[in-house]
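Working notes for the structure below.
Where a number appears in this text, it was derived from the coordinates with a stated rule and is not lab data. Bear in mind the structure is a predicted one, so any value in this text is a computation, not a measurement. Please note: Cβ atoms are built from the backbone with ideal geometry, for glycine as well, and neighbour counts cover all protein chains shown.
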Protein chains: 2
Amino acid sequence: MTPFKLTEELIAQIEELIENQRDTELNSLLGDVHYADIAEIINELNEDEATYLIKLLDSHKTSDVLTELDEDVREAILGNLSSKEIADELGELDTDDAADIIGELPQEMIQQVISEIEDREHAKDIVDLLRYDENSAGGLMAKELVKVRENWNVLTCVKEMRAQAENVTRVHSIYVVDEEDKLIGRLSLKDLLTTSTKTHIKDVYIAKVDSVNVNEKPEEVAKIMSKYDLEAIPVVDEIGRLVGRITIDDIVDVIREEADKDYQMAAGISQDVEADDGVWELTRARLPWLILGLFGGLGAAAIMGGFEEMIAKHAVLFFFTPLIAAMAGNVGVQSSAIIVQGLANDDLKGSISNRLVKEMLLALLNGVILATILLLFTWVWQGAFLSSLAISISLIAVIVVAGFIGTFIPLFLHKRGIDPAIATGPFITTSNDIFGILIYFMIAKLILGI
Amino acid sequence: MTPFKLTEELIAQIEELIENQRDTELNSLLGDVHYADIAEIINELNEDEATYLIKLLDSHKTSDVLTELDEDVREAILGNLSSKEIADELGELDTDDAADIIGELPQEMIQQVISEIEDREHAKDIVDLLRYDENSAGGLMAKELVKVRENWNVLTCVKEMRAQAENVTRVHSIYVVDEEDKLIGRLSLKDLLTTSTKTHIKDVYIAKVDSVNVNEKPEEVAKIMSKYDLEAIPVVDEIGRLVGRITIDDIVDVIREEADKDYQMAAGISQDVEADDGVWELTRARLPWLILGLFGGLGAAAIMGGFEEMIAKHAVLFFFTPLIAAMAGNVGVQSSAIIVQGLANDDLKGSISNRLVKEMLLALLNGVILATILLLFTWVWQGAFLSSLAISISLIAVIVVAGFIGTFIPLFLHKRGIDPAIATGPFITTSNDIFGILIYFMIAKLILGI
């Protein structure tokens, strides 16, 4: 497979074809292109061109294209379509994707669009899904699944399954329910391929099946599915009835988004921006953290101002403040990143106090090594042993405290139910800068006896 | 499903049962526990206990447990098993998992273990897989797949498929090959469920099938599979022959590892450590970056030493160096994180120079806002307008340069084929600290005319 490559030439070519309304050529040019690639193309077009293409291409394909578009592009295109046209697109989609798109429409449009979806069962399923919180298993699941009753015989079962499978893009498991629709087990497709057709369901189904509650958080669903290597998981309501199914492709998106969010938080960017967003959006995402850093810096300046009388005798102490601040920040970020990641991957075991003791031991070890290097360097360089010693000993203290803060804050936030990722970035750096410089000057003052 | 919860009580109970060799109770206690959960339990046991459990439990289950264990725990356990015992475990596993485990064994063991695997076809497949680089599609793929020839009739096909499916845990697609084993298309399971049994393969198969080359990088495979929502992708060799298949659960691991790695790099931790690793391993992962930061700090100190004559008249300038350093670091990390993430997700479009201009505009906007806040604050606080102005104007320059460095370095590394994630953490912070402080003092000197 040669991967699709989005080029400026291709975009220019398509824009020209649209301008001249060369529909046949457009159709043949894009006929074999995957919908995810067509979405990339459309993201680069202007609103009129985009709408033109969506109306032109086969709605079987454009419905999938719609799910892959950037949100603002999709919103603009949908604004140019009639409720009948939108309903036709949604009719082609799985219920979860259809519900996601419909949820973005203005309230007054939703009802109208739903009333125009031809397949009434499909419309009913979409309405069901709209009830669930976006940030829950219910918000992720689709209604498309293959289920059979335990008391069916194999003939009924295969017939029913064939009908159901028509609506299901990918069949993973066949779910077995009792007469109250409660999930009681599953049949694997492999069993279906390798079992004689005369067998009865209740004799062949596997009574053990993983499932998640409809209110479960997406991150938890992701953890369960990736831990147990599941490609699909059934979703049950509060009394155990089978209400939907989540597939791994949706979970891959959850994992990516979660990782991106943590990474951006660590870098001091409020979530949900991309490199191609506008300057203003990017500024809004970054500026708050920079302002936090600014006030942290002002705090550090105030602390240093309080030790001004030391300048005359030990100016060198002031030259080392960026070093102290940087080390405090780096150690804090390292400690907190390890904790945040451990919490996200669920592999933190043992008590909080053990964890703190370990991190502080680690910080002490790093601190002693770094302080020794620093002592040798500054002593040789500055020639003043006592101030070099003061700087080095302060460095150890600063590093241990930074390790403590970096470990404690995310654990504390997590216990309080707050996303600890917020603690890794500028928040830790800034507070460690201030504490670091304060500790540094206090210890230096003590040792140098000023 | 009530999720499994690893408790200290459970571990204590299991340890006691092992000590008293209560095999029946152990078997019934762990019989229904998922292998991923048993792996979590065993990670907490000592070597002898762990080996005891692995030998006790059904090898159908323990083989899967082995794949989920921490690497050091697995190594210790395998060291206590005979080559025959290891061969039996590997015989139960899919070829990709078996090859991964066997690849960790000492060279002299590998041949012996392979020679004792009973199923010779399986052994041959494992040996084939050992040839591939771990960091390639070949290193990820398994040999288990279901394939049919285009010239078969449906009867042969179903019979052959049933035999093949016995070895395949999850059937995703049925691949269609020509007489030279070249991949030419696929059949979906859904087609199989919904098509009459009298149809011929060449009349029903889909001639379009995504595939990846055996030398493709795992990250690329992950991008392709998640972009196109694939649950399995066939792997072909240089001349298009079908040699294996990669499933989405392996890709989920790749995505997680990739995200974890980028996150750790950004936090200044060399990859591949977890919170529960030993103090020494954690130190080794962190110390190099801290030493880098230390020398950065020494560089900053040297620069400040060069401006020592300014201390007498403008001590306040020195109080603001942590602020300048922090802002330079934060802006640099923000810019580089956006670029690194854009590169990782393949959504950076347009030229490098456009990107640089945009980031510098953004930095200028942020810089002016922040400098204005700083000017008002310091002016009111310190009362000295000129030095406040000098600090504020320098801040703008520092932020713009930091934005430039933060954008340029990852783009440059990426162009050179180096993982740009290395640029987000302490590397950017440290170089921006130094440049920031240098620019700050130079501009301040210019404005204050010292």
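Ordered by packing density, taken as the mean number of other Cβ atoms within 10 Å over each peptide's residues, highest first, how do B:243-252, A:48-57, B:272-281 rank?
B:243-252, A:48-57, B:272-281
For helix A:352-382, what angle does its Cα long axis make with the longest principal axis of chain A, in degrees from 0 to 90 and rounded to 10?
50
Extent of segment B:1-45 along each principal axis, from alpha carbon coordinates, in Å, largest to smallest?
So the extents along the principal axes, rounded to whole Å, are 30, 19, 15.
Determine the principal axes of the Cα atoms in segment B:146-247, then give the extent along each, sorted from largest to smallest and rounded to whole angstroms.
Principal axes ranked by extent give 41, 26, 25 Å for the Cα atoms.
For segment B:8-135, evaluate the Debye formula with one uniform point scatterer on each Cα (no solvent term) and list log10 I(q)/I(0) at q = 0.23 Å⁻¹, rounded to two decimals.
So the normalised log intensities are -1.37.
Let a ≥ b ≥ c be the square roots of the eigenvalues of the Cα gyration tensor of segment B:355-450; is it rounded (a/c under 1.5), or, if not, prolate (a/b larger than b/c) or oblate?
Cα axes put segment B:355-450 in the prolate bin.
Fewest first, what order do A:Tyr205, A:Tyr440 take by the number of other Cβ atoms within 10 Å?
A:Tyr205, A:Tyr440
So how many Lys-Lys pairs in segment B:279-448 land under 28 Å Cα to Cα, not counting same-chain pairs under 8 apart?
4
What residue among B:Ser63, B:Gly91, B:Ala50 has its Cα farthest toward the positive end of the dipole of segment B:8-135, where the charges are +1 on Lys, Arg and -1 on Asp, Glu, each on the Cβ?
Positive-most Cα among the choices belongs to B:Gly91.
Run the label-point distances for B:Val357 please: 7 Å along Cα to Cβ, every other copy, nanometres, shortest first.
From this label point to the equivalent ones elsewhere in the assembly: 6.0 nm.
Assign unit charges at the C-beta atoms only (+1 for Lys and Arg, -1 for Asp and Glu), then state the dipole size of chain A relative to its Cα centre in Debye, rounded to the nearest 20.
3520
Take peptide B:426-433, look around each residue's Cβ out to 10 angstrom, count Cβ atoms belonging to other protein chains, and average those counts.
Rounded to a whole number, the mean comes out at 2.
Considering the Cα trace of segment B:259-367, what is its radius of gyration and what is Dmax, both in angstroms?
18.5, 52
Can you sort B:Phe319, A:Phe404 by how many other beta carbons sit within 10 Å, fewest first?
Taking fewest neighbouring Cβ atoms as first place, the list is A:Phe404, B:Phe319.
Which residue is it, in chain A, whose C-beta lies closest to the A-to-B rotation axis, and what is that distance in whole Å?
A:Ala259, 2
Just order B:336-345, A:90-99 by mean Cβ neighbour count inside 10 Å, highest at the front, would you?
Final packing ranking: B:336-345, A:90-99.
Report the charge-dipole magnitude of the protein assembly as shown in Debye, nearest 20, computed about the Cα centre from +1 at each Lys and Arg Cβ and -1 at each Asp and Glu Cβ.
Dipole about the Cα centre, nearest 20: 3240 debye.
Between A:Trp381 and B:Lys313, what's the calculated FRET efficiency when r is the beta-carbon distance and R0 is 22 Å? Round to 0.05.
Computed FRET efficiency for A:Trp381 and B:Lys313 comes out at 0.30.
Once a ≥ b ≥ c are taken as the square roots of the eigenvalues of the Cα gyration tensor of segment B:71-144, is the result rounded (a/c under 1.5), prolate (a/b larger than b/c) or oblate (a/b not larger than b/c)?
oblate
Among DSSP beta bridges whose residues both lie in chain A, state the antiparallel percentage, nearest 5.
The answer is about 70 percent antiparallel.
Compute the label-point distances linking B:Ser196 to its equivalents in the other copies; points lie 7 Å from Cα along Cα→Cβ; give nm, one decimal, shortest first.
Going from nearest to farthest copy, the values are 2.8 nm.
Per residue of B:332-345, count partner chain C-beta atoms within 10 Å of its C-beta, then hand back the mean as an integer.
5
Just how far, in whole angstrom, is segment B:433-450 from segment A:413-446 if you go by their alpha carbon centroids?
If you average the Cα positions of each part, the centres end up 28 Å apart.
Can you say what percent of the DSSP beta bridges in the protein assembly as shown, counting only those with both residues inside, are antiparallel? Round to 5.
70
Where does chain A land on the Kirkwood hydrodynamic radius, alpha-carbon pairs, in angstrom?
26.8
Among DSSP bridges having both ends in segment A:146-247, what percentage is antiparallel? Round to the nearest 5.
65
Over the whole of A:251-257, what's the average partner chain Cβ count within 10 Å per residue? Rounded to a whole number, please.
Shielding by partners across A:251-257 averages 4.
Over all pairs of distinct alpha carbons, what does the Kirkwood formula give as the hydrodynamic radius of segment A:279-448, in Å?
Hydrodynamic radius (Kirkwood, Cα pairs) of segment A:279-448 is 16.9 Å.
For chain B, find the longest principal axis of its Cα atoms and tell me its angle to the long axis of helix B:321-344, 0 to 90°, nearest 10.
30
Using a Gaussian network model of chain B with C-alpha springs under 10 Å, which one of B:Gly417, B:Gly79, B:Gly293 is most mobile by mean-square fluctuation?
The residue with the greatest mean-square fluctuation here is B:Gly417.
Placing the label point 7 Å from Cα along the Cα-to-Cβ direction, what are the distances from A:Glu75 to the equivalent spots in the other copies, shortest first, in nm to one decimal?
5.3
Please report B:His60, B:His314 as a ranked list, fewest other C-beta atoms within 10 angstrom at the top and most at the bottom.
B:His60, B:His314
Starting at 0 and stepping by 10 Å, how many percent of the alpha carbon pairs of the protein assembly as shown end up in each bin?
2, 11, 18, 22, 19, 14, 9, 4, 1, 0
So how strong a dipole does segment B:315-450 carry about its Cα centre when Lys and Arg Cβ are +1 and Asp and Glu Cβ are -1, to the nearest 20 debye?
220
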